[in-house]
1. Pick from region 271-295 the residues that are away from the ligand (no atom under 14 Å from the Cβ) and crowded, with 18+ Cβ neighbours inside 10 Å: which of them is nearest to GLU7 (Cα to Cα)?
2. For region 188-197, check the following and say yes or no: at least one residue is modelled with pLDDT of 95 or more and not β-branched (Val, Ile, Thr).
3. Only one of LYS8, LYS17, LYS58, LYS32 is surrounded by fewer than 15 Cβ atoms within 10 Å (Cβ to Cβ), among the basic types (Lys, Arg) and within 32 Å of the chain's Cα centre (by Cα). Can you tell me which?
4. Filter region 201-214 down to residues that are surrounded by fewer than 22 Cβ atoms within 10 Å (Cβ to Cβ) and in contact (Cβ under 8 Å) with a residue 40 or more places away in the chain and give me whichever is farthest from the ligand (Cβ to nearest atom).
5. Please work out if ASP145 is acidic (Asp, Glu), within 13 Å of the ligand (Cβ to nearest atom) and within 21 Å of the chain's Cα centre (by Cα).
6. Evaluate the following for ALA232: is it part of a helix (DSSP H, G or I), farther than 24 Å from GLU198 by Cβ and in contact with a strand residue (DSSP E or B) (Cβ under 8 Å, 6 or more places away or on another chain)?
7. In region 117-142, which residue that is over 21 Å from ASN184 (Cβ atoms) and open to solvent by less than 70 Å² (accessible area, probe 1.4 Å) is farthest from the ligand (Cβ to nearest atom)?
8. Determine if region 240-255 includes at least one residue that is crowded, with 22+ Cβ neighbours inside 10 Å and part of a helix (DSSP H, G or I).
Amino acid sequence: MFDNLSEKLDKALHVLKGHGQITEINVAETTKEVRRALLDADVNFKIAKEFTNRVKEKALGQNVLSSLQPGQLMVKIVKDELTALMGGDSEGINLSGNPSVILMSGLQGSGKTTFSGKLANFLKKKKSKNPLLVACDVYRPAAIDQLHVVGEQIGVPVYSDRDNNDPVAIAKAGIAKAKAEGHNVVIIDTAGRLAVDEKMMNEISDIHKAINPQETLFVVDSMTGQDAVNTAKAFNDVLNFDGVILTKLDGDTRGGAAISIKSVVNKPIKFIGTGEKMEAIDIFYPSRMADRILG
Ligand code: GDP
């Protein structure tokens, strides 16, 4: 994960390792390299610039007080700033409803259906919940089939209605079924399109308004870099979602989405997807991710 970024940051921070003290010159040199590494990882230009300015300021400010070697001090500052940028403390999922309704949003192919299954499995196994999955993609019969396959794999029932082409009605019927059958969590998988368009936004917005979910999650493919951030912004403008799910972090992703998304939409990344299997889900901890990035 983020091998290229880790390597470049390591190189950048290495500059200070041989130095006995932090000076304006060697800090400027280091932060320039850090910025370059972030830009190469597809971090937004403004975020990278502000990030390195904060690092520079802290390095020069803390230098006098710190008992750490310059190299160690710089690693610590970069780690702390990366953690803060990615979101501070981890936040859970709101499960206060009865049932708790979780609405999934995102583009087609982002990993919504897979993640719906992973989350249902996670809540069933780790939180002793009794979830119901609901298939609201009325355009692609294959998407409904896929959710049924996922449900069977994890032993979670799936509600779908192939004769109905109104996703709002399906979502409501799914919630009613959950209530009637004693499911305490309902996960609603919705249709996505290949790019943000008005019809999709209106549809997800209508579902959102009609069911008023406890938790609205935006699922995004981390491999899409800057586009991930732009898509997040478009969905957040319409849904004011509660959290982000970053998928496909097991692939050859550069890291830009993970680093930038929180500060652009000001919503926490809650989970990450790290593979196609139902078990490939992790709670997102910014400090652990920063540790991983810095190796
Ligand atoms: P949807 O259209 O948003 O519902 O996306 P899908 O759930 O169908 O996922 C699209 C593709 O990405 C499928 O082939 C999934 O197996 C794959 N996928 C989903 N999440 C992950 C992940 O975390 N890692 C990897 N490697 N593949 C994933």
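1. So, considering only residues that are away from the ligand (no atom under 14 Å from the Cβ) and crowded, with 18+ Cβ neighbours inside 10 Å, the one nearest to GLU7 (Cα to Cα) is ILE293.
2. At the first step, the residues of region 188-197 found to be modelled with pLDDT of 95 or more are 188-190.
Now narrow it down to the ones that are not β-branched (Val, Ile, Thr): 189.
Scanning region 188-197 turns up at least one residue that is modelled with pLDDT of 95 or more and not β-branched (Val, Ile, Thr).
3. Result: LYS32 is the single residue among LYS8, LYS17, LYS58, LYS32 that is surrounded by fewer than 15 Cβ atoms within 10 Å (Cβ to Cβ), among the basic types (Lys, Arg) and within 32 Å of the chain's Cα centre (by Cα).
4. Ranking the candidates gives ASN212 first.
5. no
6. No: the conditions fail for ALA232.
7. Taking region 117-142 as the starting set, the residues that turn out to be over 21 Å from ASN184 (Cβ atoms) are 137-142.
Imposing the further condition that a residue be open to solvent by less than 70 Å² (accessible area, probe 1.4 Å) reduces the set to 137-138, 142.
Numbers: ASP137: 8, VAL138: 14, ALA142: 9 Å.
Only one residue fits best here, namely VAL138.
8. no
The values are calculated or read from the model by the stated rules, or taken from the named source; none is laboratory data. Since we're looking at a predicted model, the values are computed, not measured. Positions of Cβ are generated from backbone atoms using ideal geometry, with glycine treated the same way; all protein chains shown enter the neighbour counts. Each accessible area value is taken on the protein alone, full model and side chains, heavy atoms only, with ligands, DNA and RNA left out. Shrake-Rupley method; radii C 1.70, N 1.55, O 1.52, S 1.80 Å.
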